[in-house]
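Enquirer: Just dropping this structure here.
The values are calculated or read from the model by the stated rules, or taken from the named source; none is laboratory data. In this text the structure is predicted, and so the values were computed from the model without any measurement. Note that each Cβ is placed from the backbone with ideal geometry, even for glycine, and that neighbours are counted across all protein chains shown. Accessible surface areas use protein heavy atoms only, side chains included; no ligands, DNA or RNA. Shrake-Rupley method; radii C 1.70, N 1.55, O 1.52, S 1.80 Å.
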Amino acid sequence: MKAIQGATLWAAEVIGQAKDLGSIEPGKLADFTIIEGNPLADISVTKNVRMVIKEGEVMDTKYDPKWVNPIPQPYTTLPRIRTLSPLMAPQDGPAVTLELEGTGFLPTAVVRFDNVDLPTHFVSSTKLTATVGAQLLHNVGEYPLYVVNTGTHGNVSQSKSFLVNFKN
């Protein structure tokens with residue numbers, strides 16, 4: 001019951017629309033589905049939609065080959081870093097250009113070094129270059145480096161380690 005309320009009544013309350021949406025009452029918008037089965041006994045029966053009523057009218061739910069889902073699909077491919085070169089730089093050294101090879105890189109991809117966006121160049125969906133500025137090489141340590149495909153449906157890769165090593 002709480003899952004159903006979370007998707008209907010409580011969701012309407014959260015968006016400030018409880019006077020018009022979220023439950024079946026006189027004066028509210030008449031949008032609802034009729035399903036076969038008891039969702040309180042088995043929530044999976046919510047897939048058994050038998051009728052859709054929208055704005056008080058029964059909708060034709062037959063298959064339409066021209067129908068297009070208006071909700072954009074998210075990118076399902078996560079960016080993955082396969083190789084990183086170089087793997088380290090000396091403390092207080094000059095800026096370093098990194099080469100990352102992998103899969104799923106988008107033209108909007110950004111390489112992040114310890115949560116700092118690096119100037120990134122998209123070469124292809126399998127290759128990026130990025131520059132670690134000298135100001136980021138002051139402290140010795142192991143830093144996470146990852147790729148973010150920015151945008152509405154962006155994703156984040158797993159991290160690779162980059163080492164700032166002691167001066168020679």
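Enquirer: Evaluate segment 64-73: report whether one residue or more is within 28 Å of the chain's Cα centre (by Cα), at pLDDT below 85 and within 30 Å of S159 (Cβ to Cβ). Lay out the reasoning, then the answer.
Expert: First, the residues of segment 64-73 that are within 28 Å of the chain's Cα centre (by Cα): 66-73.
From what is left, the residues that are at pLDDT below 85 are 66-73.
Keeping just the survivors that are within 30 Å of S159 (Cβ to Cβ) gives 72-73.
Within segment 64-73, one or more residues are within 28 Å of the chain's Cα centre (by Cα), at pLDDT below 85 and within 30 Å of S159 (Cβ to Cβ).
Enquirer: Which of (1) surrounded by 14 or more Cβ atoms within 10 Å (Cβ to Cβ); (2) closer than 23 Å to G154 by Cβ; (3) in contact (Cβ under 8 Å) with a residue 12 or more places away in the chain does T83 not meet, given it meets every other one?
Expert: For T83, the failing item is (1).
Enquirer: Only one of these conditions is not met by E13: (1) open to solvent by 80 Å² or more (accessible area, probe 1.4 Å); (2) over 32 Å from the mean Cα position of the chain (by Cα); (3) modelled with pLDDT of 85 or more. Which number is it?
Expert: Answer for E13: the failing condition is (2).
Enquirer: Same structure again: When you check K66 against the structure, is it exposed (fewer than 13 other Cβ atoms within 10 Å of the Cβ) and within 30 Å of G27 (Cα to Cα), yes or no? If you could, list the steps in order and put the result at the bottom.
Expert: Numbers: exposed (fewer than 13 other Cβ atoms within 10 Å of the Cβ): yes; within 30 Å of G27 (Cα to Cα): no.
Considered against the rule, which asks whether it is exposed (fewer than 13 other Cβ atoms within 10 Å of the Cβ) and within 30 Å of G27 (Cα to Cα), K66 comes out as no.
Enquirer: To continue, here is another question. Looking at segment 96-108, can you tell me whether even one residue there is open to solvent by 60 Å² or more (accessible area, probe 1.4 Å) and touching a helix residue (DSSP H, G or I) at 6+ places or on another chain (Cβ under 7 Å)?
Expert: No, segment 96-108 has no match at all.
Enquirer: Follow-up. For segment 122-153, which residues satisfy the criterion of being outside any strand (DSSP E or B) and open to solvent by 30 Å² or more (accessible area, probe 1.4 Å)? Let's see the steps before the verdict.
Expert: Filtering segment 122-153 down to residues outside any strand (DSSP E or B) leaves 125-126, 133-140, 150-153.
Result: S125, T126, A134, Q135, L136, H138, N139, V140, T150, G151, T152, H153.
Enquirer: Which one is farthest from the chain's Cα centre (by Cα) among residues in segment 154-164 that are farther than 13 Å from G93 by Cα and in a strand (DSSP E or B)?
Expert: Here is the first cut: in segment 154-164, the residues farther than 13 Å from G93 by Cα are 154-162.
Those left that are additionally in a strand (DSSP E or B): 156, 160-162.
Values: V156: 8, K160: 20, S161: 23, F162: 25 Å.
The qualifying residue farthest from the chain's Cα centre (by Cα) is F162.
Enquirer: Do any residues in segment 126-146 that are closer than 16 Å to V164 by Cα have Cβ atoms under 8 Å from those of residues that are acidic (D, E), where the two are at least six apart or on different chains, and which pairs are they?
Expert: As it stands, the answer is A134/D92; L136/D114; L137/D92; H138/D92; Y143/D114; P144/D114; L145/D114, since those pairs meet every condition given.
Enquirer: Against the condition part of a loop (DSSP other than H, G, I, E, B), touching an Asp or Glu at 6+ places or on another chain (Cβ under 8 Å) and either open to solvent by less than 50 Å² (accessible area, probe 1.4 Å) or at negative phi (or both), how does K167 come out, does it pass?
Expert: Working: part of a loop (DSSP other than H, G, I, E, B): yes; touching an Asp or Glu at 6+ places or on another chain (Cβ under 8 Å): yes; either open to solvent by less than 50 Å² (accessible area, probe 1.4 Å) or at negative phi (or both): yes.
So K167 fits the description; yes.
Enquirer: Quickly run through segment 33-52 and pick out the residues that are surrounded by 14 or more Cβ atoms within 10 Å (Cβ to Cβ) and either out of contact with any Gly (no Cβ under 7 Å at 6 or more places or on another chain) or of a type in the set (D, E) (or both). Lay out the reasoning, then the answer.
Expert: Within segment 33-52, the first condition is being surrounded by 14 or more Cβ atoms within 10 Å (Cβ to Cβ), and the residues that meet it are 33, 35, 37, 39, 45-46, 52.
Across segment 33-52, the qualifying residues are T33, I35, G37, P39, T46, V52.
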